[in-house]
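Enquirer: Before we start, here is the structure in question, set down as structure tokens.
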Amino acid sequence: MLETICPMDMGTDHVDRFDAEMRLLKLGSVSVWPTTCSPMTFQGTPRLIRHSDPELYHLSLPLRGTMRISQAGREAVHGPWEMYIVDTSRPFDFVNAPTRLIGLEIPRRLLPLAEKHISPLVTRRLPGREGPGALLAMALTQLAGDAYSFRYSDGPRLETVLADLLAVTLAHQLDAEDRLPPETRSRTLALRIQAFVTHHLRDPDLTPRTVAVAHHISVSHVHRLFGTLGTGTTLAAWIRQQRLERFRCDLGDPAQRSVPIHHIAARWAFSDPAVFSRAFRAAYGAPPRDYRAQALGPPEP
């Protein structure tokens, strides 16, 4: 913890039954660290800050338990999905109950907002289930849950993504999106489009045009933005790929063995059995019925 965040005085009243687990993901100069731990206290004191100040913004995304944080004369208690930030260059006091959380450390230099604008937001609740904060929370949980699918070379790109999402989350709280650079707003809008598509995959009317209407931009702008995400394909093709993958997962789910294949296909907005079957076979090398039989094996007697 000391190496990941900053020098702190740390303690616990649960020495004889203390449990903790922490993983560290380094993404360029950004750190993401999923952790669970017993009750603890953390203090960033003036003496420790003078000794070593990494000049970071720390964000916590609680997933379970509560946390009390004090900084700059403000104190707040946060529960699950109520994010908050602190500035490691200023004294802070933190107490947690038994907790599961995802921490994020971002160098202050990566954020395009001035310190005087961010300062009023320290310790304040940043919603993790709505607005731009939901995108940030989703990115952190995906990283924490699927870290091994990312390569070391993905670090700089993910560093930029997380910095943009935090900047937009903070700017939204300040009603100051116009203070963000155009490239930050564009990259974040691209991520919003991707999240919107993921959330609406079951909608048979989901197309690049409906995505454009939902975001009040042109279809050509949607395609340009989606092209910046590095998927290597068009938006329409990506929608089809995502639907096929979710259908494949349901097809191999033992709990759904008795669900007819065409019902699962309809769930993921595939209405034409012939077209769907050809697309699935091209993607996975077998028709849906054969794939299910191979994935599940014979039913139990």
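The values are calculated or read from the model by the stated rules, or taken from the named source; none is laboratory data. Predicted model, so just to flag it, every value in this text is computed and none were measured. Using ideal geometry, Cβ is built from the backbone for each residue, glycine included, and neighbour counts are taken over all protein chains shown. Keep in mind that these areas ignore ligands, DNA and RNA; they rest on the heavy atoms of the full protein, side chains included. Shrake-Rupley method; radii C 1.70, N 1.55, O 1.52, S 1.80 Å.
Enquirer: So what does the Cα-only Debye profile of segment 3-156 read at q = 0.08, 0.09, 0.17 Å⁻¹, as log10 I(q)/I(0), no solvent term?
Expert: Each listed q corresponds, in turn, to -0.21, -0.27, -1.06.
Enquirer: I'd like the carbon and sulfur percentage of the solvent accessible area for the chain, probe radius 1.4 Å, heavy atoms only, ligands and nucleic acids excluded.
Expert: 52
Enquirer: Along the charge dipole of segment 1-78, Cβ charges K/R +1 and D/E -1, which of Pro54, Gly11, Thr41 sits furthest on the positive end?
Expert: Most positive-ward Cα: Pro54.
Enquirer: Calculated FRET efficiency, Ala195 and His51, Cβ-Cβ r, R0 35 Å, to nearest 0.05?
Expert: For Ala195 and His51, the calculated efficiency is 0.25.
Enquirer: May I ask you to derive the relative contact order of segment 5-116, considering only C-alpha pairs under 8 Å and at least 6 residues apart, and to give it as an integer percent?
Expert: Once normalised by length, the contact order is 33 percent.
Enquirer: With a Förster radius of 35 Å, plug the Cβ-Cβ distance of Asp13 and Thr141 into 1/(1 + (r/R0)^6) and report the FRET value to the nearest 0.05.
Expert: So, using R0 = 35 Å, E works out to roughly 0.70.
Enquirer: Related question: Would you mind computing the Rg to Rh ratio of segment 225-290 from its alpha-carbon coordinates, Kirkwood style for Rh?
Expert: Result: Rg/Rh = 1.02.
Enquirer: Let me ask something additional. Using the basic label-point model (7 angstrom from Cα toward the beta carbon), what is the Arg100 to Ala214 distance in nanometres?
Expert: Reported label-point gap for Arg100 and Ala214 is 2.8 nm.
Enquirer: While we're looking at this one, here's another question. With charges set only on the Cβ (+1 for Lys and Arg, -1 for Asp and Glu), what does the dipole of the chain come to about its Cα centre, in debye to the nearest 20?
Expert: Working: 35 positive and 31 negative charges, 168 e Å.
So the dipole magnitude of the chain works out to roughly 800 debye.
Enquirer: Specify the residue with the greatest mean-square fluctuation among Ala76, Ala190, Ala137, computed from a Gaussian network of the chain linking alpha-carbon atoms under 10 Å apart.
Expert: Ala76
Enquirer: Okay, moving on. Using all C-alpha to C-alpha distances in the chain, build P(r) with 10 Å bins and read off the rounded percent in each one.
Expert: Here the calculated profile for the chain is 5, 23, 28, 21, 15, 7, 1, 0.
Enquirer: Could you order Thr45, Thr228, Thr207 by accessible surface area, starting with the largest, using a probe radius of 1.4 Å?
Expert: So, going from the largest accessible area down, we get Thr228, Thr207, Thr45.
Enquirer: What is the magnitude of the charge dipole of segment 148-282 about its Cα centre, with +1 placed on the Cβ of each Lys and Arg, -1 on the Cβ of each Asp and Glu, and no other charges, expressed in debye to the nearest 20? All intermediate terms of the calculation are to be shown ahead of the outcome.
Expert: Values: 17 positive and 13 negative charges, 108 e Å.
Computed about the Cα centre, the dipole is about 520 debye.
Enquirer: Helix check for the chain. Which DSSP H runs span at least 20 Å along their own axis by Cα, with a mean Kyte-Doolittle hydropathy no less than 0.5?
Expert: Span-like helices in the chain: 131-145, 155-174.
Enquirer: Of Leu189, Ala114, Leu162, whose Cα points farthest to the positive end of the dipole of segment 107-193 (charges on the beta-carbon: +1 Lys, Arg; -1 Asp, Glu; origin at the Cα centre)?
Expert: The Cα lying farthest towards the positive end belongs to Ala114.
Enquirer: Just grab the label-to-label distance for Leu2 and Val259, each label 7 Å out from Cα along the Cβ direction, in nm (one decimal).
Expert: The modelled label-to-label distance comes out at 5.1 nm.
Enquirer: Determine the relative contact order of the chain: mean sequence separation of Cα pairs under 8 Å and six or more apart, normalised by residue count, in whole percent.
Expert: With pairs under 8 Å counted, the relative contact order is 13 percent.
Enquirer: Based on the Cβ-Cβ distance of Ser38 and Ala76, what FRET efficiency does E = 1/(1 + (r/R0)^6) give at R0 = 25 Å, to the nearest 0.05?
Expert: Efficiency, rounded to the nearest 0.05: 0.70.
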